[in-house]
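Read the structure below first, then the notes.
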Amino acid sequence: MKNLVKDKKVKLKYVPDNGAWTFHVVVPNTKDLEGGWGYIKVSGTIDDFEIKSKNLMPQKGKDMLMSVNAEIRKAIKKKGEDYVTLTLNLIS
């Protein structure tokens, strides 16, 4: 597994009416990864919550997004615009 981010503080973004992507984080160091939706998966932690497998959403010319669902937000007790600590590894 390739380490993408280790103990990086990032903002939990809130974009109203954005479907599954209403709450998300921008994952640093992912702009140059190749692969479309569903091909780039990560595992790791967001704060102390274990992520076993999540898809990243590519954005042309920008770092990728990872959605943060209600289960995760409740477990880490965070809301939009709060900061979280990410550790993510690329699942090959």
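The table that follows gives values for the structure above.
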{"item": "Computed [θ] at 222 nm, helices only, for the chain once each DSSP H run of length n ≥ 4 contributes -39500 (n - 2.57)", "result": "-2000 deg cm²/dmol"}
{"item": "Nearest-0.05 FRET efficiency for residue 8 and residue 37, computed from C-beta distance (R0 30 Å)", "result": "0.85"}
{"item": "Overall Cα dimensions of the chain, principal axis frame, Å, largest first", "result": "31, 27, 19"}
{"item": "Given charges at beta-carbon only (K, R positive; D, E negative), |dipole| of the range 1-82 in Debye", "result": "80"}
{"item": "Accessible carbon and sulfur surface of the chain relative to its total accessible area, %, 1.4 Å", "result": "49"}
{"item": "In order through the range 17-27: 3J(HN,Hα) via Karplus (6.51 cos²θ - 1.76 cosθ + 1.60), integer Hz, x for Gly, Pro", "result": "6, 10, x, 5, 9, 4, 10, 7, 10, 8, 8"}
{"item": "Rel. contact order, % - alpha carbon contacts under 8 angstrom, at least six apart, the chain", "result": "43"}
{"item": "Amide proton proximity set for residue 68, modelled H, under 5 Å, gap of 5+", "result": "23, 24, 25"}
{"item": "21 Å Cα-Cα threshold exceeded, pairs from 2/78; 11/78; 31/74; 41/79", "result": "2/78; 31/74; 41/79"}
{"item": "For residue 82, distant residues with modelled amide H under 5 Å away", "result": "12"}
{"item": "Candidate aspartates and glutamates - alpha carbon under 19 Å from residue 8, same-chain residues fewer than 8 apart omitted", "result": "32, 47, 48, 50, 63, 81, 82"}
{"item": "Cut-off 14 Å (backbone N to label point 7 Å along Cα→Cβ of residue 1), residues of the range 21-43", "result": "41-43"}
{"item": "Highest average packing first - 21-31, 6-16, 78-88, Cβ atoms within 10 Å", "result": "21-31, 78-88, 6-16"}
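The values are calculated or read from the model by the stated rules, or taken from the named source; none is laboratory data. Just so it is clear, the structure is predicted and the values come from calculations on it, not from any experiment. Heads up, the Cβs are rebuilt from the backbone with ideal geometry, glycines too, and the neighbour counts pull from every protein chain shown. Surface areas here come from the heavy atoms of the whole protein model, side chains and all, with no ligands, DNA or RNA. Shrake-Rupley method; radii C 1.70, N 1.55, O 1.52, S 1.80 Å.
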